[in-house]
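Q: Structure provided below as structure tokens; questions to follow.
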Amino acid sequence: MDIILGEITERIRALRDATGFTKEQMAKATGISVKEYIAHENGERDLTFTFLYKCAEKFGVDIVDLMAGEGPNLSGYAVVKNGDGLPIKRRKGFEYLHLAYSFKNKTAEPLLVTVPYNADELKKIPMAKHDGQEFNYVLKGKMRFAYENHIEDVGEGDSIYYNSSRKHGMAALTKDGCVFIAVVLKEEHK
């Protein structure tokens, strides 16, 4: 499935207009400045998974609605064949495939993540945060995981489970990159 940035930003704009949220309210909901929010909505910046996830939460829609323009429609089970996930652009060079994009009312967002080696990012790992919890399982290569002021180096077969509402980030340690499964668990709203 091909995802076009302009179509995603148009859906975000349309949902913001339909829900009556201001750019200021959306900036607050996504944890960025109004100037940064406007740049995201205008397609002038990469749309991170965290940004899309927070927009979808604020609008009360599935993240797939924002990305693909149609919501998931399966409720019993969903099969995604090797390499056929819904692509998500997050950080430059990172490749994300959503592995349950056709399943509706998900309690988690499972992703296959491919991280390229970038020596500069090892010096200062870009950090993000979003509601809920997250589980990462390394399939190939090694990665450096940063959690607030803590650093962990993990490799094939290692896993990490953490509170994703606190700053975290990762970078590949191996020259041929790193591949891992990430499962973002949504926060329960009571």
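Q: Which one of these is surrounded by 18 or more Cβ atoms within 10 Å (Cβ to Cβ), under 19 Å from SER164 (Cβ atoms) and either under 12 Å from the mean Cα position of the chain (by Cα) or not acidic (Asp, Glu) (or both): LEU112, LEU15, LEU86?
A: LEU112
Results for (1) modelled with pLDDT of 85 or more; (2) under 20 Å from PHE180 (Cα atoms), shown as yes or no for each residue.
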{"site": "GLU10", "(1), (2)": "yes, no"}
{"site": "ARG16", "(1), (2)": "yes, no"}
{"site": "THR19", "(1), (2)": "yes, no"}
{"site": "SER33", "(1), (2)": "yes, no"}
{"site": "PHE51", "(1), (2)": "yes, no"}
{"site": "CYS55", "(1), (2)": "yes, no"}
{"site": "LEU86", "(1), (2)": "no, yes"}
{"site": "TYR96", "(1), (2)": "yes, yes"}
{"site": "VAL113", "(1), (2)": "yes, yes"}
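Q: While we're here: Select from the range 107-122 the residues that are over 15 Å from LEU97 (Cα atoms) and either of a type in the set (Asp, Glu) or touching a residue at least 12 places away in the same chain (Cβ under 8 Å) (or both) and list them in ascending order.
A: Answer for the range 107-122, where residues must be over 15 Å from LEU97 (Cα atoms) and either of a type in the set (Asp, Glu) or touching a residue at least 12 places away in the same chain (Cβ under 8 Å) (or both): THR107, TYR117, ASN118, ASP120, GLU121, LEU122.
Q: Is it fair to say GLU134 is under 12 Å from the mean Cα position of the chain (by Cα) and either assigned to a loop (DSSP other than H, G, I, E, B) or closer than 22 Å to ILE151 by Cα (or both)?
A: Yes.
Q: Can I ask one more? Do any residues in the range 92-106 that are surrounded by fewer than 19 Cβ atoms within 10 Å (Cβ to Cβ) have Cβ atoms under 9 Å from those of residues that are among the hydroxyl-bearing types (Ser, Thr, Tyr) and assigned to a loop (DSSP other than H, G, I, E, B), where the two are at least six apart or on different chains, and which pairs are they?
A: LYS104/SER75; ASN105/SER75
Q: Same structure again: If you take the residues of the range 140-190 that are in a strand (DSSP E or B) and without any contact (Cβ under 8 Å) to a residue 24 or more places away in the chain, which of them is farthest from ALA128 (Cα to Cα)?
A: GLY155
Q: Of the residues that sit in the range 128-175 and are among the aliphatic types (A, V, I, L, M) and over 21 Å from PHE51 (Cβ atoms), which one is surrounded by the fewest Cβ atoms within 10 Å (Cβ to Cβ)?
A: ILE151
Q: Tell me, yes or no, whether the range 119-127 has at least one residue that is touching a strand residue (DSSP E or B) at 6+ places or on another chain (Cβ under 6 Å), of a type in the set (D, E, K, R) and open to solvent by 80 Å² or more (accessible area, probe 1.4 Å).
A: no
Q: Can you pull out the residues in the range 1-54 that are under 23 Å from GLY169 (Cβ atoms), touching a residue at least 12 places away in the same chain (Cβ under 8 Å) and of a type outside the set (A, V, I, L, M, F, W, C)?
A: THR30, GLY31, TYR37, HIS40, ASP46, THR48, THR50, TYR53, LYS54
Q: Just to check your reading of the model, which residue among VAL179, VAL79 is more than 25 Å from GLU41 (Cα to Cα) and either touching a strand residue (DSSP E or B) at 6+ places or on another chain (Cβ under 8 Å) or open to solvent by less than 60 Å² (accessible area, probe 1.4 Å) (or both)?
A: Selected residue: VAL179, the only one of VAL179, VAL79 that is more than 25 Å from GLU41 (Cα to Cα) and either touching a strand residue (DSSP E or B) at 6+ places or on another chain (Cβ under 8 Å) or open to solvent by less than 60 Å² (accessible area, probe 1.4 Å) (or both).
The values are calculated or read from the model by the stated rules, or taken from the named source; none is laboratory data. All of these numbers come straight from a predicted model, not from anything done at the bench. Please note: Cβ atoms are built from the backbone with ideal geometry, for glycine as well, and neighbour counts cover all protein chains shown. SASA here: full protein model, heavy atoms, side chains in, ligands and nucleic acids out. Shrake-Rupley method; radii C 1.70, N 1.55, O 1.52, S 1.80 Å.
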